[in-house]
Amino acid sequence: MTFGLGFIALLLAVGGFAAYQGDRVGMLAGRRRVMLFGLRPRYTARVITVITGIIIVLITMVSMLLLSSNMRQALFGLDELRQAVTTLSEEVAAKNDDLSQLERQRLQLIANISELQKENEALEAQNKEWKDSNDQLKKENAGLVEERNRLIEERDRLEEERKQYEMRTKSLLNIGNLLYGQQLWLRQASIRYHRGDVLASCVVDTGLSAAELLATLNALVAEADEKVRQADPDTPGLKVEAYIPNQGIVESEVLIGAAVQAIRNAAAADPELQSVIVQLRVSMNAASGEAVSADFDLIRNVKVYNAGDVVLRRVFDGRMSPPEIFEEFYLFISTQVRQAVIEKGLLPLDARNDGVSLSDAYMIVEQIAAQNRSVELIAYAKRDCWTMGPLELAFRLQPVH
């Protein structure tokens, strides 16, 4: 803006100076009556005035052309400028069309971006869900890996057990074949002694010395051996032995010594113990012609019944016939009384009611039948009875209230 104001001021100054000089030239020409081209002075002054105006215009135009490129462009390049403007207008219109197209594309892209954002949000949500699922699957996979490792270890352990079982199976098959052969032989053989059979027994006083106990047990073994040899001349005899795990077979001398020590220990532990029952029992089945293996069985010989103690009671109907009463009495003695005394502590082998003779049985049956009504039969111990026995029974009747 400062340049424009200065340029205008310059034009005004140059124009004023040119007008002033033209006026002076005109005045001088008028005074001196100068004539140009044969014209009269008055016309000559007019020509000079016109020329002065032309000079002013030329000075103005030259100044403007020299100082302003825009002026030069306006005077000499207007057509080109118009053509350029037209071209630029067309280009602007084309650009506007392009801009409109781009705007439409921008709007479409915005819509696409919005749609893509929605899809992206959906994909992010799905990705988060998949990530959570993946984390869960990783945990499950870790658990499955641990389970697989555990199952592998379990499989290896089971495989090892299977191998061991195969070895044991083979061993058991061999043992089974051996046992089958022995069983077959045993089925064909005649079993003379069964495991648990009592070969001999005696009551030993706990007050005996160790030497006396040893002699008593050796005598018991000799008695049992003699009994076995008499029963089966083909047998090699009696073997007092026992199998102890981690030790093997224990022979007769050791077992007899152990039995003596056990008797002495029992007496020391219970000063009131007066006697011990020593039984020599068969430890395994033996067929005819085989050696008989036996071991000691020690039983405390204590008082089971005092004289007069009731063994068992039962009600009988005296209105029954004597044979029926006898049958009931026999069952009472052979089963119920026998079971009662065994449960009380009497040895099963010696739980024989030897005290009831056949005549005593008939007499009791007659007494019951004579009542001709229901009576209670009381079986009681006739005298003191110990574990070893025998038990002698006595009976009495009393009415049923």
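The values are calculated or read from the model by the stated rules, or taken from the named source; none is laboratory data. Because the structure is predicted, anything quoted here is derived from the model rather than measured. Every residue, glycine as well, gets a Cβ built from its backbone with ideal geometry; the counts of neighbours run over all protein chains shown.
Structure notes:
- The criterion of being surrounded by 14 or more Cβ atoms within 10 Å (Cβ to Cβ) and either farther than 28 Å from G196 by Cα or touching a Phe, Trp or Tyr at 6+ places or on another chain (Cβ under 8 Å) (or both) holds for G318.
- In the range 175-195, the qualifying residues are those that are of a type in the set (A, V, I, L, M, F, W, C) and outside any helix (DSSP H, G or I), and the one that is modelled with the lowest pLDDT is A189.
- Leading residue by the ranking (nearest to D205 (Cα to Cα)) among those in the range 259-289 that are loosely packed, with under 14 Cβ neighbours inside 10 Å and aliphatic (A, V, I, L, M): A268
- Single residue of the range 196-219 satisfying the filter (without any contact (Cβ under 8 Å) to a residue 40 or more places away in the chain and not in a helix (DSSP H, G or I)) that is surrounded by the most Cβ atoms within 10 Å (Cβ to Cβ): L208
- Q83 part of a helix (DSSP H, G or I), of a type outside the set (D, E), modelled with pLDDT under 85 and more than 23 Å from the chain's Cα centre (by Cα): yes
- Total residues in the range 263-292 satisfying the condition of being modelled with pLDDT of 85 or more and of a type in the set (S, T, Y): the figure is 1.
- A74 being at pLDDT 85 or above, surrounded by 10 or more Cβ atoms within 10 Å (Cβ to Cβ) and either among the β-branched types (V, I, T) or assigned to a helix (DSSP H, G or I) (or both): no
- Among residues of the range 352-389, those that are modelled with pLDDT of 80 or more and in a loop (DSSP other than H, G, I, E, B), counted: 7
- Residue within the range 290-313 that is surrounded by 16 or more Cβ atoms within 10 Å (Cβ to Cβ), in a helix (DSSP H, G or I) and either in contact (Cβ under 8 Å) with a residue 40 or more places away in the chain or acidic (D, E) (or both) present: no
- In the set (1) surrounded by fewer than 16 Cβ atoms within 10 Å (Cβ to Cβ); (2) at pLDDT 90 or above; (3) over 14 Å from C385 (Cβ atoms), L349 fails one condition alone, (2).
- The criterion of being at pLDDT below 75, within 21 Å of A13 (Cα to Cα) and not charged (D, E, K, R) does not hold for M35.
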